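These notes concern the structure reproduced below.
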Amino acid sequence: MQLILVAVVLGPGTRPAVHAQSMEPLSYTNAPIGLNFLIAGYTYQWGSVLVDPSLPIQNVKATVDTATLAYSHIIDFWGQSGSLALAVPYAWLSASGEVFDRAASVRRAGLSDLTVRLSINLYGAPALSLPEFSGYHQDTIIGVTLLVTAPSGQYYPSKLINIGTNRWSFKPEVGISKALGPWTFEAEAAVTFFTDNNEFFGNGMRQQDPLFSIQGHAIYNFNPRLWAALDGTYYTGGRTTLNGSVDNDLQRNSRWGATLAYSLDRQNSLKLYFTSGVAARTGTEFKIIGAAWQYRWGAGL
């Protein structure tokens, strides 16, 4: 069982992520065409890693520090707004546990898998210039997203614990956002598909079934500069097969989180967030805290 522990969490309006349990409120919103976002983020994760009980690995605990740099650009897609984003993370990982009843520990540092995200609003978010956007008020937005993760992270076929995954993943998603006074409610459903890792530990072939996820957000806008959100997600599936043998690692996990964001001025904003597991069958029982700074420019801002 390979331990892949790194997650990417970005600023408002971009939301590339590498795992189904990542949660980002205000994923489907409108913004002026031509606007650019530069995001610098940091997350700290700590907790237990739940592995297949048939494996000779027990009591695995880990901490992961991740720094992420991302860029997002708002585009016009046939009269509706959309965004194209790229995220590059760097991670520091420390893990310890028992292998064949012997204590063991490991440290890794390096690039994680980069992600590219294309998000298109299909309804309710017309493509607008900055002057036109001042008169826009959200009602219902429906959109779709495709998130692609590339096998660009640090990976050693001879190591059991790695930062990179050595495979591609593709995550199509559909989402809906509804504004009701100061509240905005969002719901999203997605499925993540994985290519094979043909250089798994010991020259093995590791395959993974699709991972299905749903998530929801309740966002409250205190004023034009400050908002907060409660977030939740559930994901299931993702059973792996190693060299033709099916592992006992079907995931049925849920997480909750909270987010607070504040606009410092016309171009800068800051976001703080926390997430924790509610229930986990296999995978991770992690707590995550993070912060992201976002800089906006272009579109006549």
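The values are calculated or read from the model by the stated rules, or taken from the named source; none is laboratory data. Computed from a prediction, not measured in an experiment: that's the story for all the values here. Cβ coordinates were reconstructed from backbone atoms using ideal geometry, including for glycine residues, and neighbour counts include every protein chain displayed.
Just one of the listed residues (G237, G277) is surrounded by 14 or more Cβ atoms within 10 Å (Cβ to Cβ), out of contact with any helix residue (DSSP H, G or I) (no Cβ under 7 Å at 6 or more places or on another chain) and within 24 Å of T43 (Cα to Cα), and it is G277.
On inspection, T241 passes the criterion of being of a type in the set (V, I, T) and at pLDDT below 95. For segment 212-227, the criterion of being within 22 Å of I161 (Cβ to Cβ), surrounded by fewer than 21 Cβ atoms within 10 Å (Cβ to Cβ) and free of Cβ contacts under 8 Å to residues at least 12 places away in the same chain is met by none of the residues. Scanning segment 268-299 for residues that are closer than 24 Å to N221 by Cβ and at pLDDT below 90 gives a single hit, A299. Count of segment 130-188 residues, restricted to those that are within 27 Å of P210 (Cα to Cα) and free of Cβ contacts under 8 Å to residues at least 12 places away in the same chain, is 1. Quick check on T259: is it at pLDDT below 95, part of a strand (DSSP E or B), crowded, with 19+ Cβ neighbours inside 10 Å and on the phi < 0 side of the Ramachandran plot? The answer is no for T259. Do we have D231 as of a type in the set (D, E), touching a Gly at 6+ places or on another chain (Cβ under 6 Å) and in contact (Cβ under 8 Å) with a residue 60 or more places away in the chain here? Yes, satisfied. For segment 71-92, the criterion of being closer than 25 Å to N253 by Cβ, out of contact with any Pro (no Cβ under 8 Å at 6 or more places or on another chain) and of a type in the set (S, T, Y) is met by none of the residues. Restricting segment 165-208 to residues that are crowded, with 18+ Cβ neighbours inside 10 Å and aromatic (F, W, Y) leaves a set whose member that is farthest from the chain's Cα centre (by Cα) is F200.
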